[in-house]
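*Asks:* Dropping a structure here in structure tokens format, bear with me for questions.
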Amino acid sequence: MEKLNMQTTNIVDGNIKRIGELFPNCLTERLNDEGKPEMAIDFDLLRQELSKDIVEGSEERYQFTWPDKRNAIRLANAPTTDTLRPCREESVDFDNTQNLYIEGDNLQVLKLLRENYLGKVKMIYIDPPYNTGNDFVYNDDFSQTTGEYMHNSGQEDEEGNRLVANTESNGRFHTDWLNMIYPRLKVAKDLLSEDGVVFISMNDCEQKNLRNICDEIFGSCNFITQLIWQQRKGGGNDSRFVASDHEYVLIYTKNILSQTEKWKVSQSEEYQKRYNLIEPNGQRYYWDTLVRNGLQNPIIVTLNTPEGNKITLNSQWSQERVESGLKDGTVKFTKTSNGWSLHHKVYLKGGQVLRSMLTDFGTNKTACDEQISLFGKMLFDYPKPSTLIRCLGELVSKSDSIILDFFSGSASTAHAVMQLNAEDGGNRKFIMVQLPEATDEKSEAYKAGYKNICEIGKERIRRAGKKIKEESPLTTQDLDTGFRVLKLDSSNMQDVYYTPSEFNEQKLFDDNIKPDRTEEDLLFQTMIDLGIELSAKIEKRSIAGKTVWSVSDGYLMACFDEEVNETTITEIARQQPYYFVMRDSSLANDQVADNFEQIWEEYSKDTVRRIL
């Protein structure tokens, strides 16, 4: 049997493969740092193939760059051996929910999610640090060895370099922020479905740089628009120059050609008030003017008025269409002080095209009021209102879409997804990712018992889900308000698993799994390695006295017990899973090992067998 890799895909290898498919003559081999042969690209030959278009040296050309950009690209491409460990005690409805709440550095988490959710995420919304000079940014130093865990924990090490304040005086104000955001967006793009859409909230400080980055990662041709969100109404008299009442929401899609459907959102209550008339069938409408002065390229129509007089009018519609409307009652004559006019029925439809000025989808005050209604006080600074994110979700998501937020904060996105599902009966799933950044000891959150941001986010989802169900008990019976908590950690495997050459002969025969890891920990790292969604249904069974894990109704079956006998192996094989995984030291004796392959050949020869 083959061993599982227990680390994410090396993106560079995939890029080399794709270049090799286009230019097979540019493929070569070399010895890597371990002295093993590997595929590589002969750049001299590749330059010849692309000689017409290559730009090198000091020749001027359009480009967007900054110090350490190459390192930011390297960070995005580098594989990780980290894993996600389940935390049942902090989850809600762990066994049935389709939602995920993941704690840990979002760059590492995104790399792990790329294994399971490649091309599956319909919508991404993020509200990253705005780089105001007071924000903290991630210091992505991954020079530590696999055994060092501090870089995953979200806490500061002795030098305080996990989260660092990015002040304008540090000389790398924009550089540090760009190095933080670039690799995360680069990896996130891989998660988007072909028709996927990403929304990014931002203020003036890094808006220009963010647009340049997104043009590079997603392609300028896939830019949709930049919304202007009215974040507050009133105030700002203490501003030095101009009171800023707005922020931006940048919108990019994975592939503009995939956007074949019209984007619409439901009308606001204020908008719907004009539809104050009702047809016998219950459809709401109002009469709108069909004839207006100042129309560009008006259509001249000639009609007989109710009084029998012939008149000509400047119409928006053709003669034939107006006459048809007069017959079926959707157009009528209206007597005015200037004579006769025409009006037509406008019906309330299932949505409207979103305007680029967002003025009716919540403000900062709305977001604060949401927190107060759930917690009785403000626990998180500068949250986004769930009403804003709900609007974006309605705009592009479908009833079964996966929605990701990897700067989750107070979990407004999870709140918005549950609310939208409650309103339209959808089954959207959310994935929230948040670094467990410690709360200030002087803050209201800390005083209330929330020691890090993740604790606030998880509790907000619990309370918001409960409130939504209480407000609509008849329509939310099947609403998924649970979430499966996963926490980023170093690999479940001992370092000898990845670097056996660094250990002596005796240690090579030691157990390659860390002693503090559970079977469920191993199961989730196996799911990551095999590309199985982390929200998949999990069942725990007992077969011949051994614990057997079944994922997605037997798609994957795994047994991590010791002393596994032929009875257990045979019963698992009879169920014909697609994958079977076990520890390399699990088989009870040599006889079981000798008969192992024969059992699978007899009952399920197509099952893919792997060992840890």
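The values are calculated or read from the model by the stated rules, or taken from the named source; none is laboratory data. Every value quoted in this text rests on a predicted model; they were computed, and no experiment measured them. Quick reminder, even Gly has a Cβ in these numbers, built from the backbone with ideal geometry, and neighbours come from all protein chains shown.
*Asks:* So, in the stretch 445-462, exactly how many residues are over 30 Å from Lys111 (Cβ atoms) and loosely packed, with under 15 Cβ neighbours inside 10 Å? Before the answer, list the steps.
*Replies:* So in the stretch 445-462, the residues over 30 Å from Lys111 (Cβ atoms) come out as 446-449.
Imposing the further condition that a residue be loosely packed, with under 15 Cβ neighbours inside 10 Å reduces the set to 447, 449.
So the answer is 2.
*Asks:* Follow-up. Would you be able to say whether some residue in the stretch 460-472 is of a type in the set (S, T, N, Q), in a loop (DSSP other than H, G, I, E, B) and at pLDDT 95 or above?
*Replies:* Our first condition is that a residue be of a type in the set (S, T, N, Q); within the stretch 460-472, this holds for 472.
Right, trim to in a loop (DSSP other than H, G, I, E, B) and you get 472.
Of the ones still in play, those that are also at pLDDT 95 or above are none.
So far as the stretch 460-472 goes, no, none of its residues is of a type in the set (S, T, N, Q), in a loop (DSSP other than H, G, I, E, B) and at pLDDT 95 or above.
*Asks:* Still on this structure, please answer the following. Yes or no: the stretch 396-417 includes at least one residue that is touching a Ser or Thr at 6+ places or on another chain (Cβ under 9 Å), in the same structural domain as Glu261 (by TED's automatic domain parsing) and more than 29 Å from Gln108 (Cα to Cα).
*Replies:* no
*Asks:* Could you list, in sequence order, the residues of the stretch 178-189 that are in contact with a helix residue (DSSP H, G or I) (Cβ under 8 Å, 6 or more places away or on another chain), farther than 13 Å from Asn255 by Cβ and not small (Gly, Ala, Ser)? Walk me through it before giving the result.
*Replies:* Taking the stretch 178-189 as the starting set, the residues that turn out to be in contact with a helix residue (DSSP H, G or I) (Cβ under 8 Å, 6 or more places away or on another chain) are 178-179, 181-189.
Narrowing the set further to residues that are farther than 13 Å from Asn255 by Cβ leaves 178-179, 181-188.
Leu178, Asn179, Ile181, Tyr182, Pro183, Arg184, Leu185, Lys186, Val187 - these are the residues of the stretch 178-189 that are in contact with a helix residue (DSSP H, G or I) (Cβ under 8 Å, 6 or more places away or on another chain), farther than 13 Å from Asn255 by Cβ and not small (Gly, Ala, Ser).
*Asks:* Filter the stretch 331-349 down to residues that are of a type outside the set (Lys, Arg) and part of a loop (DSSP other than H, G, I, E, B), then give me how many there are.
*Replies:* Residues meeting the conditions: 3.
*Asks:* In the stretch 533-584, how many residues are closer than 30 Å to Leu404 by Cβ, assigned to a loop (DSSP other than H, G, I, E, B) and among the small types (Gly, Ala, Ser)?
*Replies:* So the answer is 4.
*Asks:* Could you identify the single residue in Phe375, Phe361 that is crowded, with 16+ Cβ neighbours inside 10 Å, within 25 Å of the chain's Cα centre (by Cα), of a type outside the set (A, V, I, L, M) and closer than 30 Å to Pro129 by Cα? Break it down into steps so the answer makes sense when it comes.
*Replies:* Numbers: Phe375 fails: within 25 Å of the chain's Cα centre (by Cα).
Only one candidate qualifies: Phe361.
*Asks:* Are any residues in the stretch 405-442 outside any helix (DSSP H, G or I), free of Cβ contacts under 8 Å to residues at least 12 places away in the same chain and of a type outside the set (Lys, Arg), and if so, which ones?
*Replies:* Of the residues in the stretch 405-442, the ones outside any helix (DSSP H, G or I) are 405-411, 425-442.
Checking which are free of Cβ contacts under 8 Å to residues at least 12 places away in the same chain leaves us with 440-442.
Hits for the stretch 405-442 are Asp440, Glu441.
*Asks:* Separate question: Among the residues of the stretch 192-225, write down those that are exposed (fewer than 15 other Cβ atoms within 10 Å of the Cβ) and touching a helix residue (DSSP H, G or I) at 6+ places or on another chain (Cβ under 8 Å).
*Replies:* Once the filter is applied, which keeps residues that are exposed (fewer than 15 other Cβ atoms within 10 Å of the Cβ) and touching a helix residue (DSSP H, G or I) at 6+ places or on another chain (Cβ under 8 Å), the stretch 192-225 yields Glu194, Cys221.
*Asks:* Something else now. In the stretch 585-612, which residues are under 21 Å from Asn5 (Cβ atoms), at pLDDT below 90 and not in a strand (DSSP E or B)?
*Replies:* Ser585, Ser586, Leu612
*Asks:* Further question: Name, by its number, the condition in (1) outside the structural domain of Gln207 (by TED's automatic domain parsing); (2) surrounded by 15 or more Cβ atoms within 10 Å (Cβ to Cβ); (3) part of a strand (DSSP E or B); (4) not basic (Lys, Arg) that does not hold for Asp288.
*Replies:* Condition (2) is where Asp288 drops out.
*Asks:* Of all strands (runs of 3 or more DSSP E) completely enclosed by the stretch 120-215, which ones contain at least 2 residues that are at pLDDT 65 or above? Give the steps one after another, and end with the answer.
*Replies:* On the way: elements: 121-126, 136-138, 163-165, 192-202.
Passing ranges, in order: 121-126, 192-202.
*Asks:* Give me a count of the residues in the stretch 260-277 that are out of contact with any Asp or Glu (no Cβ under 6 Å at 6 or more places or on another chain), part of a loop (DSSP other than H, G, I, E, B) and closer than 14 Å to Asp360 by Cα.
*Replies:* We begin by selecting, within the stretch 260-277, every residue out of contact with any Asp or Glu (no Cβ under 6 Å at 6 or more places or on another chain); these are 260-264, 266-267, 269-277.
Right, trim to part of a loop (DSSP other than H, G, I, E, B) and you get 260-264, 266-267, 273-276.
In the following step, the residues that additionally are closer than 14 Å to Asp360 by Cα were identified as 266-267.
Count: 2.
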